[in-house]
Amino acid sequence: MSAKKVSLPSNHVELYVKSGWDGQSYGACPFCQRFYMILDLKAQEGTLTYKVITVNPARPTADVKSYAHKLPVLKHGDEVIMDSDEMVQYIDDNFPYPDLRYSNRKAHTVCLDVFSKFNFFIKNVSHTSEPLLKELHQIDSFMKSAGTKFLCSDELTHLDCLMLPKLHHARVASQAFKDFEIPSNMTGLLHLLRNAYSNETFRKTCPSDQEIVHHWSTKRETTPLPKSKQRFYMLEGSPVYSMDLGQANGNGCTVL
């Protein structure tokens, strides 16, 4: 006799994300963290329940093999959604509360290019930090005039879920691989990051520094991690989460 299929509640969704270095633990994909944050915020105030399932793209199980290289993926009943824009729309349509939508076009615009400039910097397409600094300065200037905790308001919105994981990756990876630190005079940007780091949802969904460094180490163009830092970022050690903007890094230097 075959086992009965257990049906999940209609308000339950599953989020498939990239696994970490060991193929099982939670990995450091900023796009995956974005949807982890969205689901966690929706679950706190709405009726949604969710489960995060890690997938090893190199060794996917048969049931996820067809979309193992398109992560993150959202599954709700028989619905499987792989496009990021469609995922956002689907979640908002089916679980409208809390409302994470935003209408601040200026906030949206100042964030458009920072992640691509970080990619150019970490992969040596840009040989100086100037293009990245220019984009960070735009966000910094915007936040100094915004008077809000986050990009659009004092509450997290879809824009924060999109950008805060990317900004955290840029900060952690740039310091690890390039000894680049966010200038201390960028008080608006640091204000945004401090508020992110004190937010329960961001902290819950944030990968460790080791996983972030591993994530970028696996990309061919990334600058090799200096030998002096390899011990500090050992994957087998205790997870490190550098959310104190005044704490020291592996070289004893202050990370801003």
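The values are calculated or read from the model by the stated rules, or taken from the named source; none is laboratory data. Note that the coordinates shown come from a computational prediction; the quantities given were computed from them, not determined experimentally. Cβ atoms come from the backbone with ideal geometry, glycine included; neighbour counts cover every protein chain shown. Accessible surface is based on the protein model in full, side chains and every heavy atom, while ligands, DNA and RNA are left aside. Shrake-Rupley method; radii C 1.70, N 1.55, O 1.52, S 1.80 Å.
Do any residues in the range 32-43 that are within 12 Å of residue 200 (Cα to Cα) have Cβ atoms under 8 Å from those of residues that are open to solvent by 10 Å² or more (accessible area, probe 1.4 Å), where the two are at least six apart or on different chains, and which pairs are they?
37/156; 40/50; 40/204; 41/98; 41/156
May I ask you to say which residue of 183, 239 is at pLDDT below 95 and open to solvent by 30 Å² or more (accessible area, probe 1.4 Å)?
Going through 183, 239 in turn, just one is at pLDDT below 95 and open to solvent by 30 Å² or more (accessible area, probe 1.4 Å): 239.
Identify, by number, the condition in (1) touching a strand residue (DSSP E or B) at 6+ places or on another chain (Cβ under 7 Å); (2) assigned to a helix (DSSP H, G or I) that residue 18 doesn't meet.
Unmet condition: (2).
As an exercise: evaluate residue 24 against (1) within 26 Å of residue 213 (Cα to Cα); (2) modelled with pLDDT of 95 or more and give the number of the one condition it does not meet.
(2)
From 125, 80, 64, 52, grab the single residue that is in a strand (DSSP E or B) and modelled with pLDDT under 95.
80
Which one of 95, 118 is open to solvent by less than 30 Å² (accessible area, probe 1.4 Å), touching a helix residue (DSSP H, G or I) at 6+ places or on another chain (Cβ under 7 Å) and touching a residue at least 60 places away in the same chain (Cβ under 8 Å)?
Criteria check complete, one pass: 95.
Among the numbered criteria (1) open to solvent by less than 20 Å² (accessible area, probe 1.4 Å); (2) out of contact with any Asp or Glu (no Cβ under 9 Å at 6 or more places or on another chain); (3) not small (Gly, Ala, Ser), which one does residue 135 miss?
Among (1) open to solvent by less than 20 Å² (accessible area, probe 1.4 Å); (2) out of contact with any Asp or Glu (no Cβ under 9 Å at 6 or more places or on another chain); (3) not small (Gly, Ala, Ser), the lone unmet condition for residue 135 is (2).
Just the residues that are in contact (Cβ under 8 Å) with a residue 12 or more places away in the chain and over 13 Å from the mean Cα position of the chain (by Cα), please, taken from the range 199-212.
199, 210, listed by residue number.
Condition first: among the charged types (D, E, K, R) and under 19 Å from the mean Cα position of the chain (by Cα). Now tell me which residues in the range 77-96 satisfy that.
Result: 83, 85, 86.
Which of (1) assigned to a helix (DSSP H, G or I); (2) open to solvent by 60 Å² or more (accessible area, probe 1.4 Å) does residue 232 not meet, given it meets every other one?
(1)
Consider the range 98-115. How many of its residues are open to solvent by less than 80 Å² (accessible area, probe 1.4 Å), under 17 Å from the mean Cα position of the chain (by Cα) and aliphatic (A, V, I, L, M)?
Of the residues in that region, 2 qualify.
Of everything in the range 33-57, what is open to solvent by 40 Å² or more (accessible area, probe 1.4 Å) and not hydrophobic (A, V, I, L, M, F, W, C)? Give them in sequence order.
44, 45, 47, 49, 50, 51, 54, 56
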